[in-house]
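As structure tokens, the structure follows; a few thoughts come after it.
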Amino acid sequence: MPQFNTVGIIAKQGDPEQVSGTLRRLSAYLGSRRIDVLLDAESAHLLGAEVGSAVPTMDIGTRCDLAIVVGGDGTLLHAARMMAEHGIPLVGINLGRLGFLVDVSPQDIESVLDPILAGHYQSDHRAMLAVRVTAEDALERSYSALNDVVVHKWNTARMIELETYVDGVFVSAQRSDGLIIATPTGSTAYALSGGGPLVDPALDAILLVPICPHDLSNRPLVVPGDHRIEVRVRSLDQGHVQVTCDGQADLQLPPRGSIEVARHRYRAHLLHPKGHDHYQILRAKLGWGGHRPSICG
């Protein structure tokens with residue numbers, strides 16, 4: 001049975017009124033369980049901790065057994081990218097709106113965390129994406145994403161022209177506002193707004209979802225997760241193209257730059273309460289109606 005002796009707390013930034021009360025409750029609970037707590041900068045600030053006591057998020061990954069995220073899916077996406085290489089599992093306390101990834105309510109902190117800390121939970125490993133942007137001088141920049149990598153226009157009203165290749169094989173050319181390259185986890189995020197399919201997070205797949213394509217026959221495409229995606233941008237459009245990872249990291253495509261996306265070598269590790277039901281979350285968050293299942297026979 002795993003033991004979580006040291007827990008890191010990573011808090012949502014920019015919403016102190018909503019976050020501080022949950023942080024106080026969580027901190028008091030962990031203290032009552034005699035668990036060592038590492039606070040990121042925002043948590044330390046909101047809890048009034050001593051100056052210098054905050055731990056950089058990257059260091060939390062090397063020193064804790066479990067990270068608890070207080071915020072919404074955006075906060076968890078940031079934490080997941082930081083914790084993945086260390087294999088640190090994450091639990092999310094939902095202070096956001098939809099909350100597909102953070103599934104613990106603030107009022108349930110004690111009742112949900114008790115069994116998790118005792119080793120009774122569902123373990124969930126989520127595929128991530130690695131993106132590499134290479135400039136004409138061979139300088140490479142690398143990023144990671146749990147939800148999606150988006151190639152999109154940023155300073156022009158006109159469409160941009162993209163070519164997509166899968167494992168070096170030409171797939172399509174499109175005029176559109178951009179392209180979403182998403183994991184199954186990201187199928188409920190921007191890709192869903194773009195008309196992409198909902199994909200069970202256990203599937204090994206990558207989604208390619210065009211953003212407002214000019215040709216209506218240019219539809220979302222799902223490919224095996226071990227395939228490599230390359231996106232080439234017409235030279236005249238390159239000054240108008242940006243690459244965004246999880247909606248949080250932005251990079252303007254350099255002149256004659258190339259974009260390559262593939263499955264990341266690390267996976268995000270999430271912990272859920274026993275009885276976690278992905279489809280129940282879809283029903284609740286997306287407002288799916290319908291009657292309860294009946295027994296036939």
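The values are calculated or read from the model by the stated rules, or taken from the named source; none is laboratory data. None of the values given here were measured: they were computed from a predicted structure. Heads up, the Cβs are rebuilt from the backbone with ideal geometry, glycines too, and the neighbour counts pull from every protein chain shown. Quick note on the areas: whole protein, heavy atoms, side chains included, nothing else; ligands and nucleic acids left out. Shrake-Rupley method; radii C 1.70, N 1.55, O 1.52, S 1.80 Å.
Structural remarks
- Members of the stretch 1-20 that are touching a residue at least 40 places away in the same chain (Cβ under 8 Å) and assigned to a helix (DSSP H, G or I): Q18, V19
- Cross-chain or 6+ apart pairs with Cβ under 6 Å, the stretch 166-177 first and open to solvent by 40 Å² or more (accessible area, probe 1.4 Å), then polar (S, T, N, Q): V171/T164
- Filter result (closer than 17 Å to V112 by Cα and touching a helix residue (DSSP H, G or I) at 6+ places or on another chain (Cβ under 6 Å)) within the stretch 27-51: Y29
- Of residues in the stretch 127-138 being surrounded by fewer than 20 Cβ atoms within 10 Å (Cβ to Cβ) and in contact (Cβ under 8 Å) with a residue 60 or more places away in the chain, the one nearest to D226 (Cα to Cα): A130
- Count of the stretch 42-58 residues which are open to solvent by 70 Å² or more (accessible area, probe 1.4 Å) and closer than 18 Å to H78 by Cα: 2
- Yes/no for I93 being among the aliphatic types (A, V, I, L, M), part of a loop (DSSP other than H, G, I, E, B) and either buried (at least 21 other Cβ atoms within 10 Å of the Cβ) or in contact with a helix residue (DSSP H, G or I) (Cβ under 9 Å, 6 or more places away or on another chain) (or both): no
- Some residue of the stretch 96-110 being loosely packed, with under 15 Cβ neighbours inside 10 Å, without any contact (Cβ under 8 Å) to a residue 12 or more places away in the chain and charged (D, E, K, R): yes
- Against the test of being modelled with pLDDT of 95 or more and in contact with a Pro (Cβ under 9 Å, 6 or more places away or on another chain), the options L26, L90, L30 yield a single qualifying residue, L26.
- Residue match in the stretch 188-209 (condition: more than 18 Å from V151 (Cβ to Cβ), open to solvent by less than 20 Å² (accessible area, probe 1.4 Å) and among the polar types (S, T, N, Q)): no
- Whichever residue in the stretch 142-160 is of a type in the set (S, T, N, Q) and open to solvent by 70 Å² or more (accessible area, probe 1.4 Å) and, among such residues, is nearest to H264 (Cα to Cα): S142
- Members of the stretch 21-40 found to be part of a helix (DSSP H, G or I) and open to solvent by less than 50 Å² (accessible area, probe 1.4 Å), listed by number: G21, T22, L23, L26, S27, Y29, L30, G31
- Taking the stretch 141-197 as the range and being more than 30 Å from I281 (Cβ to Cβ), at pLDDT 95 or above and outside any strand (DSSP E or B) as the test, the residues that pass are D167, G168.
- Strands (runs of 3 or more DSSP E) contained entirely in the stretch 210-297, each with at least 2 residues that are open to solvent by less than 50 Å² (accessible area, probe 1.4 Å) and at pLDDT 95 or above: 229-233, 241-245, 258-272
- A count restricted to the stretch 50-87 and to residues that are farther than 22 Å from I109 by Cβ, not hydrophobic (A, V, I, L, M, F, W, C) and not in a loop (DSSP other than H, G, I, E, B) stands at 7.
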